[in-house]
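Values in this text are rule-based calculations from the coordinates and carry no lab data. The structure presented is a predicted model; accordingly, all values stated were derived computationally and were not measured. Virtual Cβ from ideal backbone geometry, glycine too; neighbours counted across all protein chains shown.
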C-alpha cells in the first residue's frame, strides 16, 4: 500500500542518484533499480502532482533508459557510472515533460559494500568524517522525504559545520538524529544490533536503507540486524564517542561505508 500523499508540493524537480555498471553492453542487474523507479514515481506524484515521462513509465522502461545513457557515456576503463535522473514540470495531461539524465564515470565505485559490516570490516570507499549539526533542522517538509531540487535544509546544515568535515548529521526539533545530507546512517547499539531512525523522524527513506532493513530481519543475517529506532543526539554521542560503537552510512551510490563522528 502506498503512503498517503503529504501536504504541500514545493520543488521544481525531483531526482534519484544511483550507481550503474555495464557488463559487456548490458546494464548489470541491480535490485535497487526497481526501488529507484518506485521512489521517483512517488516523488513525482507527491511533490509535482504528475506522472513520470514516458521513457520512465515503468521499472523496465527506467532500466532501459539508464542502460542506454550509460552505453552512450562509455569509454575506456571500468564501466561504472554515477547516474542522476531528474524530472520536472511543466506537466501536460498530468505527465511531466522535463527529463534530464547526467552520467559520469565513477571507477572509484567499482567495488562497494551492500550489506551490514562484520567486525573487522574495512570500508571499500573510505570513511566519511561527519559532525553533528549545532542546530536543529525542521524536518516536517516533503523535501526531506524525497530527493528534490529544494536542498535548503541540507545546505544550511552543511554550512553550519564548516568544511573541516565531509558531511553533517542533522537532527530534528525533538533532539532525534535523522540523517546525513547525502546518506542515511546507523549506529551499532550493541554487538550485531544496528539502529537507524524511522522515517517519522523526518528523513529520506533511501533505497539502500530499505534493502538493508529487508535483508537483515533476523539475528542470523550477515553483519547483524538493522532495526528502526529513534536515536537521540545524546545517545549517539554516548554510543560513538563514549563507548566507541561503530557508525556507518549508506546510500545507493556508495553502498555501505564507515563514518567517523568528529566532536565539535
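Please compute P(r) over all alpha-carbon pairs of the chain, binned at 10 Å starting from zero, and give each bin as a whole-number percent.
Values per bin, smallest distances first: 7, 29, 35, 24, 6, 0.
Between rounded, prolate and oblate, where does segment 65-200 land on the alpha carbon gyration tensor, with a ≥ b ≥ c its root eigenvalues, rounded for a/c under 1.5, else prolate if a/b exceeds b/c?
Oblate.
Just the Cα atoms of segment 202-264: what Rg and Dmax do they give in Å?
12.8, 37
Among bridges DSSP assigns within the chain, what percent are antiparallel (round to 5)?
The antiparallel proportion sits near 75 percent.
Measuring from label point to label point, each 7 Å out along Cα→Cβ, what is the residue 230 to residue 24 span in nm?
5.4 nm
Report the relative contact order of segment 124-238, percent, no decimals, based on alpha-carbon pairs under 8 angstrom and at least 6 residues apart.
Across segment 124-238, relative contact order equals 25 percent.
Full-extension gain between residue 210 and residue 160, please, as 0.36 nm times their residue separation minus the C-alpha to C-alpha distance.
That works out to 15.1 nm of additional length.
How many angstrom lie between the C-alpha centres of segment 131-197 and segment 92-120?
Value for the Cα centre distance between the two parts: 20 Å.
Set the Förster radius R0 to 30 Å, insert the Cβ-Cβ distance between residue 97 and residue 173 as r into 1/(1 + (r/R0)^6), and round the FRET efficiency to 0.05.
On the way: r = 38 Å, r/R0 = 1.25.
Calculated transfer efficiency: 0.20.
Please give the helix 152-161 orientation as an angle from the longest Cα principal axis of the chain, in degrees from 0 to 90, rounded to the nearest 10.
Its long axis makes an angle of about 40 degrees.
Compute the long axis of helix 32-48 from its Cα atoms, compare it with the longest principal axis of the Cα atoms of the chain, and write down the angle in degrees, 0 to 90, nearest 10.
80 degrees
Taking the C-alpha atoms of segment 1-146, how large are the radius of gyration and the largest Cα-Cα span, Dmax, in Å?
Cα only, segment 1-146: 17.5, 54 Å (Rg, Dmax).
Under 10 Å, Cα contacts only: if you run a Gaussian network model on the chain, which one of 82, 74, 119 comes out with the highest mean-square fluctuation?
Sorting by GNM fluctuation, first place goes to 119.
Could you line up 166, 25 from fewest to most neighbouring Cβ atoms inside 10 Å?
Details: 166 20, 25 10.
So the residues, fewest neighbours to most, are 25, 166.
So what is the diffusion coefficient of segment 134-256 in µm² per second by Stokes-Einstein at 25 °C and 0.890 mPa s, using a Kirkwood Rh over Cα pairs?
166 µm²/s
Compute the FRET efficiency between residue 118 and residue 84 as 1/(1 + (r/R0)^6), taking r as their Cβ-Cβ distance and R0 = 45 Å, and round to the nearest 0.05.
Computed FRET efficiency for residue 118 and residue 84: 0.90.
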